[in-house]
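Step one of this worksheet: look at the structure below.
Values in this text are rule-based calculations from the coordinates and carry no lab data. No experiment lies behind these values; they were computed from the predicted model shown. Backbone-built Cβ (ideal geometry, glycine too); neighbour counts: all protein chains shown.
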Amino acid sequence: AHQNGEWEYNWFLLGIVVPFANGNVISAGYSNYGSSRIPVTGADQVGAYLSHYESDTFETAYISYLPALSEIRFQTVINYKYRRLISQKASALNLDFHLSSKHLFNHQIGIRTTNLIGSKYKWSNGTKEDLAQYVGAYFIQPISLFSVLIEYDYCLNYDDLSMALGQIEMNLDDSLSVFSSVRYTKSFSSLSFGSILRLSDVFNLTYANKNE
């Protein structure tokens, strides 16, 4: 995927979902979000100047477990985050949950968390940084060939970082769909367009272009 912004961040995601005969599901994935266009400035007797470009990379690896429960879906997600910003590095380990019930619009309404339980970003220079923690609620409504998603994520530990998301997806056939989403916070908004190609029961290929 590609993000149109000042420093041209690009990202890709890889994931696999493994269902078992007893109904349990294990999934794993990896995401990489970064840019090699971070400007570094220098200064001389004339003034400041652009010295060179460095990189900023966010990496996340996750594994999740969804047991076969009859009344609810309760998914546990463990993720490891690693960031490289120029010469500094940081890492964190977090635990999150997704919950929905068949008695509440047949799993169309649910809640999920982000960075709810876990460690802070620990940087290589010894400093620690609080990751933004979210508790979110979502609603999914299928309409013929379309599926509409509305989600709001409330930030527990930072002001002005709560997010609202709206997305519409159209299924062109069993293996291909296209989507558009809008994300809004008090500090920025973004518009994305993309497609999802279902290669098999366990592999999907997703492409998105994002403008902030």
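Structure data summary
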| item | result |
| --- | --- |
| About the Cα centre, charge dipole magnitude for region 116-212 (Lys/Arg +1, Asp/Glu -1 at Cβ), debye | 280 |
| log₁₀ of I(q)/I(0) at q = 0.09, 0.17 Å⁻¹ - the chain, Debye sum with one point per alpha carbon | -0.44, -1.60 |
| Principal axis box of region 115-174, alpha-carbon based, largest edge first, Å | 53, 24, 18 |
| Cα pair distances of region 1-82 binned at 5 Å [whole percent] | 3, 12, 15, 13, 12, 11, 9, 8, 6, 4, 3, 2, 2, 1, 0 |
| At 1.306 mPa s and 10 °C, Stokes D of region 69-186 from Kirkwood alpha-carbon radius, µm² per second | 96 |
| Highest-MSF residue in the chain out of Lys81, Lys186, Lys128 [GNM, Cα springs under 10 Å] | Lys186 |
| Most mobile listed residue (Thr57, Thr185, Thr114) in the chain, GNM with C-alpha springs under 10 Å | Thr185 |
| Residue pairs, from the table Lys81/Lys128; Lys81/Lys210; Lys128/Lys210, whose Cα atoms sit over 24 Å apart | Lys128/Lys210 |
| Whole-angstrom Cα spans of region 42-95 along principal axes, big to small | 71, 16, 12 |
| Stokes-Einstein D (µm²/s) once Rh is taken as the Kirkwood radius of region 164-211 over alpha-carbon pairs, at 10 °C in 1.306 mPa s | 137 |
